[in-house]
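The values are calculated or read from the model by the stated rules, or taken from the named source; none is laboratory data. Keep in mind the model is a prediction, meaning the values are calculated, not measured. As a convention, Cβ positions derive from the backbone with ideal geometry for all residues, glycine included, and neighbour counts pool all protein chains shown. Side chains are part of the model used for accessible areas, which takes the heavy atoms of the whole protein and leaves out ligands, DNA and RNA. Shrake-Rupley method; radii C 1.70, N 1.55, O 1.52, S 1.80 Å.
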Amino acid sequence: MASTLLWGVAHLAVERRKTGLALMAAYVLMLAGVLTVFTAYSTKLLSLAVQPYWLAWLTVGVAVIALAWTGVIVWSFLLVRPERSDTVGRFLTTTLTVALCALILAPTAYATRLAYLSRDVVNTLFTPSSTAAPVLAQDPWNGAERVNFLLLGGDAAPGRPGVRTDSMTVASVDVETGATVLFGLPRNLQRVRLPAGPARDRFPYGFTGEGPDTPGLLNEIYQFAEDHPEMVPGVEKGKRGSTLLKATISDILGIPVSYYAMVDMKGFAEIIDAMGGVQVTIKDPIVYGKYREGLLPAGTRRLSGQEALWYGRSRTDSDDYVRMGRQKCLLNAVAKQADPVTVLNSFERLAAATKRAISTDLPQDLLPAVVDLAGKVKNARLRSLSFVPPLINTAYPDWYLIRRKVKEALDPPASTRTAPAHAASTTPTPTPDDPLTLDAVCH
């Protein structure tokens with residue numbers, strides 16, 4: 001037992017001093033190395049966890065340590081075990097040895113399983129390399145002050161042709177501070193100007209759709225591009241929709257949208273369940289279900305995946321624009337509550353749900369920078385601006401007004417920039433044309 005806690009004790013006990021001291025030295029060096037990694041390089045551990053190369057080395061390293069540790073335990077047992085005549089002693093010490101080996105190997109097997117799942121998720125979701133500018137370690141964002149991510153909620157419901165992106169939010173993140181502004185675009189935005197090229201040539205006066213299934217709303221562009229390859233020439237199937245939608249929304253907001261992530265609505269519910277639910281504050285009761293079969297009462301409560309899905313989807317007794325506000329609150333709540341302990345406890349379920357539910361064009365070599373940025377976002381100020389009535393007429397949008405509001409939100413007056421983070425929470429009535437701290441809107 002002592003040799004399990006400090007290698008070499010058994011060897012010293014049987015007068016094998018050189019071997020015992022060598023084992024002790026190896027043990028101390030190993031512990032020093034592990035402690036150094038978890039202290040001096042603790043901030044880099046999450047970044048390493050999203051790199052398949054390092055995950056493979058981590059798996060090998062953990063396995064080698066575990067096998068060496070188990071070998072020391074068995075070796076120690078062979079040196080100090082009772083004589084053959086002591087049947088009871090032999091049985092007890094053998095049982096103890098097996099238990100000690102299991103104590104070492106079980107966590108190792110679990111850690112190896114987590115590393116394998118992490119590697120599988122990374123390789124499944126993220127492209128191995130980027131065709132864009134190379135990612136530099138010293139400046140992964142290539143000099144950009146902000147990076148913009150398009151967050152999509154796709155609803156491929158039964159009886160509905162293709163995928164409709166009913167939830168569209170651009171998260172504009174300051175790469176230094178993590179301060180984020182969420183720009184919400186309504187699904188029913190009409191006459192959207194498409195980017196220059198084949199898409200605009202086909203719809204020179206704005207997207208109007210084609211046939212009864214596509215009346216010409218913003219949430220139809222993703223699937224329309226997938227169904228019409230000529231709209232995005234040279235782009236493979238499965239990437240046409242996101243490519244055209246990113247370019248379209250970039251043009252609407254007047255800011256470059258670099259990356260997207262889309263979550264399937266049903267898969268989103270699975271992710272919430274894997275997290276153990278999400279806590280939100282419901283201001284007014286929300287009726288949900290196709291036939292009004294459910295109700296989410298007002299108050300602060302923890303929602304299951306299905307309830308969270310209806311919280312973000314329900315339009316009964318409300319409208320698209322109220323729903324958009326709830327969706328941002330839900331994103332905010334998930335971001336704040338997905339702590340490492342929660343993720344670790346439900347890692348396998350989260351990994352499986354994530355692979356089924358999420359698609360993205362983030363390259364693998366950018367993941368360490370994204371992990372670092374995510375940590376900043378988690379502790380930074382989040383603000384929200386939705387382009388909904390009365391600010392915007394969705395049938396005849398004022399594109400110049402939208403761009404001006406985006407610019408003002410990203411570059412507010414000096415008095416606003418220097419105001420304390422809690423100042424927005426004192427605003428009595430949030431208005432759609434005034435970016436507010438998201439916590440103030442959601443509570």
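Could you check, for segment 139-148, whether at least one of its residues is open to solvent by less than 20 Å² (accessible area, probe 1.4 Å), under 15 Å from Y259 (Cα atoms), modelled with pLDDT of 80 or more and in a loop (DSSP other than H, G, I, E, B)? The answer is no; no qualifying residue exists.
A search for C-beta distances below 8 Å between a residue of segment 154-166 that is at pLDDT 60 or above and open to solvent by less than 70 Å² (accessible area, probe 1.4 Å) and any residue that is among the charged types (D, E, K, R) and part of a loop (DSSP other than H, G, I, E, B), counting only pairs 6+ apart in sequence or on different chains, returns R164/R187; T165/R187; D166/R187.
Take segment 38-60 and flag every residue that is exposed (fewer than 15 other Cβ atoms within 10 Å of the Cβ), part of a helix (DSSP H, G or I) and of a type outside the set (F, W, Y). Selection gives T39, S42, T43, K44, L45, A56, V60. I need a count of the residues in segment 195-217 that are in a helix (DSSP H, G or I) and either under 25 Å from the mean Cα position of the chain (by Cα) or surrounded by fewer than 18 Cβ atoms within 10 Å (Cβ to Cβ) (or both). Counting residues in segment 195-217 that are in a helix (DSSP H, G or I) and either under 25 Å from the mean Cα position of the chain (by Cα) or surrounded by fewer than 18 Cβ atoms within 10 Å (Cβ to Cβ) (or both) gives 4.
If the condition is being in contact (Cβ under 8 Å) with a residue 12 or more places away in the chain, open to solvent by 70 Å² or more (accessible area, probe 1.4 Å) and not aromatic (F, W, Y), then segment 66-95 contributes V80, R81.
Selection of segment 287-300 for residues being surrounded by 14 or more Cβ atoms within 10 Å (Cβ to Cβ) and modelled with pLDDT of 85 or more yields only L296.
Within segment 349-370, track down each residue that is among the hydroxyl-bearing types (S, T, Y) and not in a helix (DSSP H, G or I). Within segment 349-370, S359, T360 meet the criteria.
Pick from segment 265-286 the residues that are surrounded by fewer than 20 Cβ atoms within 10 Å (Cβ to Cβ) and in a strand (DSSP E or B): which of them is farthest from the chain's Cα centre (by Cα)? Checked segment 265-286; the qualifying residue farthest from the chain's Cα centre (by Cα) is I282.
Being touching a Leu at 6+ places or on another chain (Cβ under 6 Å) and open to solvent by 40 Å² or more (accessible area, probe 1.4 Å): is that true of R191 here? For R191, the condition - touching a Leu at 6+ places or on another chain (Cβ under 6 Å) and open to solvent by 40 Å² or more (accessible area, probe 1.4 Å) - is not met.
Could you tell me which residue of segment 337-355 is surrounded by the most Cβ atoms within 10 Å (Cβ to Cβ), considering only residues that are modelled with pLDDT of 80 or more and either of a type in the set (G, A, S) or in contact with an Asp or Glu (Cβ under 6 Å, 6 or more places away or on another chain) (or both)? Filtering first and then ranking leaves A353. In segment 295-320, the residues that are farther than 19 Å from A269 by Cα form Cβ pairs under 6 Å with partners that are among the charged types (D, E, K, R), at six or more places apart or across chains, as follows: A298/D284.
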